[in-house]
Amino acid sequence: MGSVYTALATTALVFFSPLLIPALFLGGLFYDFFSSELPPGIDQPFKLRLFHSLLITTMIWGKILEKLGICSDLSLLRVVLDGVPAWRDSKLLIKDLKVDEVPVRIYQPKWPPAGKRRGILYFHGGAGTFGSIRAFERICRYIAKKCNSVVVSVGYRLAPEHPYPGQYFDCLNATLYFMRNLEEYHVDPGLIIISGDSCGANFATVICQILLNRRDLPKVRAQVLLYPGLQGLDFHLPSYQQNASVPILFRKLVIYFCFRYLKKEGVALEDVLQSCHVPESMKRRYKKWVSADIIPDRFKVRGYTPQKPTSFKPEVHEAIKEILGATFSPLLAEDSIICQLPEACIVTCEFDVLRDDGLLYKKRLEDNGVQVTWYHSESGFHGILAFFGYGIFSFPAAQEIMDNIVNYINSL
């Protein structure tokens, strides 16, 4: 059915494109110019503005096609963000398979291993509603070659068609398959790394926490978390304020995609932004872990205003309580869990609304005796790795992030 929607969407685009696409792109560019903010220091702002305008245009087109009954807006967004297929790579053996109906792509260097290799699981970003193995193909290929590793990219099924929390089970099942078949892929059971970007980093965090109780499997060596989103408690942290209108992920889009992911479109977005979904008892309980007071002062220089008290709304809490659970918000896990986790590499970006989630998790891990290697991209923005490997369409900061990830993995 998805292919039918794609074909219909493509036909509609071809039919209407001579007039509407240029007009909508100009409208998207106009909207971006007046609605977004590109702070000094961000990586290649003009290029970012063009990409963001394309994203806005795609979302507008999606709504139009949905109103016409041709396809859902998410279907079009997935097509556009799926990326351009990569050329064949003579240095890698690439195999596709399914694990409990979940697509998995395995990348292995073709040259004979000198010894057993590292095994790296990668969960892609996309708010749980878009993104794919193909969209992150270049990242996985790069890591497989530069780290002489077996990389397993997991194409977990997307919401809302595959309801939350099914994505976590898909990632877990793929991880269990790989861990039980390490010998087939010549992987060292002491060198398993679980990684992901954005919501994929959230999945990686949760899988690491789940696996702590599995005595029948090898221990995870490390977790690599790239600009992770880890909590739904506080959307007024400094990074959410400073980067509220910075492409590609506005603060309101964080909540919007959370609603789409959880099928909660009827909830008032502003109520969640104002923390009306959080009981006072929960705010007090988790203030030691989720608070602007914990964020280092250097990250408040660009501006921060403490949030004014807001009234708790039980009906909002009941409607969206999933985002406060341990699965959606692994930052809220108890110390007894955090202290057992494997060492971590955390990447944060200065111009990212989710920056402070990564900073707070870094501190939680360190406070519990877990070793953390941290790389902060001073010019990076959320989703920057989605452009990695596209030549002139890529961003220098993305290459720097990838080089740091490779160096970290090779140090293990």
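The values are calculated or read from the model by the stated rules, or taken from the named source; none is laboratory data. Worth saying up front: this structure is predicted, and the values here are computed from it rather than measured. Because the Cβ atoms are built from the backbone with ideal geometry, glycine has one as well, and the counts that use them run over all protein chains shown.
Here is the figure for the stretch 189-209: residues that are assigned to a helix (DSSP H, G or I) and touching a strand residue (DSSP E or B) at 6+ places or on another chain (Cβ under 9 Å) total 9.
Within the stretch 79-138, restricting attention to residues that are touching a residue at least 40 places away in the same chain (Cβ under 8 Å) and basic (Lys, Arg), which residue is surrounded by the fewest Cβ atoms within 10 Å (Cβ to Cβ)? Out of the qualifying residues, it is Lys91.
For (1) free of Cβ contacts under 8 Å to residues at least 40 places away in the same chain; (2) part of a helix (DSSP H, G or I); (3) more than 27 Å from Ala244 (Cβ to Cβ); (4) among the β-branched types (Val, Ile, Thr), each residue gets a yes or a no:
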| residue | (1), (2), (3), (4) |
| --- | --- |
| Gln340 | no, no, yes, no |
| Glu350 | no, no, no, no |
| Val353 | no, no, no, yes |
| Asp357 | no, yes, no, no |
| Tyr361 | no, yes, no, no |
| Glu366 | yes, yes, yes, no |
| Tyr375 | yes, no, no, no |
| Glu378 | no, no, no, no |
| Leu385 | no, yes, no, no |
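Looking for something surrounded by fewer than 15 Cβ atoms within 10 Å (Cβ to Cβ), in a loop (DSSP other than H, G, I, E, B) and among the β-branched types (Val, Ile, Thr) - is there at least one such residue anywhere in the stretch 316-328? Scanning the stretch 316-328 turns up no residue that is surrounded by fewer than 15 Cβ atoms within 10 Å (Cβ to Cβ), in a loop (DSSP other than H, G, I, E, B) and among the β-branched types (Val, Ile, Thr).
Would you say Lys63 is basic (Lys, Arg) and at pLDDT 95 or above? So Lys63 does not fit the description; no.
Just one of the listed residues (Pro396, Pro342) is surrounded by fewer than 17 Cβ atoms within 10 Å (Cβ to Cβ) and not hydrophobic (A, V, I, L, M, F, W, C), and it is Pro396. If the condition is being surrounded by 22 or more Cβ atoms within 10 Å (Cβ to Cβ) and out of contact with any helix residue (DSSP H, G or I) (no Cβ under 8 Å at 6 or more places or on another chain), then the stretch 139-154 contributes Cys140, Ala144. Here Ile60 does not qualify as among the β-branched types (Val, Ile, Thr) and in the same structural domain as Ile192 (by TED's automatic domain parsing). Among the residues of the stretch 274-282, at least one is closer than 15 Å to Gln241 by Cβ and out of contact with any Cys (no Cβ under 9 Å at 6 or more places or on another chain). The set of residues in the stretch 135-168 that are more than 15 Å from Pro109 (Cα to Cα) and either within 15 Å of the chain's Cα centre (by Cα) or small (Gly, Ala, Ser) (or both) comprises Ala135, Phe136, Val154, Gly155, Tyr156, Arg157, Leu158, Ala159, Gly166, Gln167, Tyr168. One residue stands out in the stretch 221-240 among those that are among the hydrophobic types (A, V, I, L, M, F, W, C) and within 16 Å of the chain's Cα centre (by Cα): the one that is nearest to Thr310 (Cα to Cα), namely Leu230.
When restricted to residues that are surrounded by fewer than 17 Cβ atoms within 10 Å (Cβ to Cβ), under 17 Å from the mean Cα position of the chain (by Cα) and among the hydroxyl-bearing types (Ser, Thr, Tyr), the stretch 241-278 contains 1.
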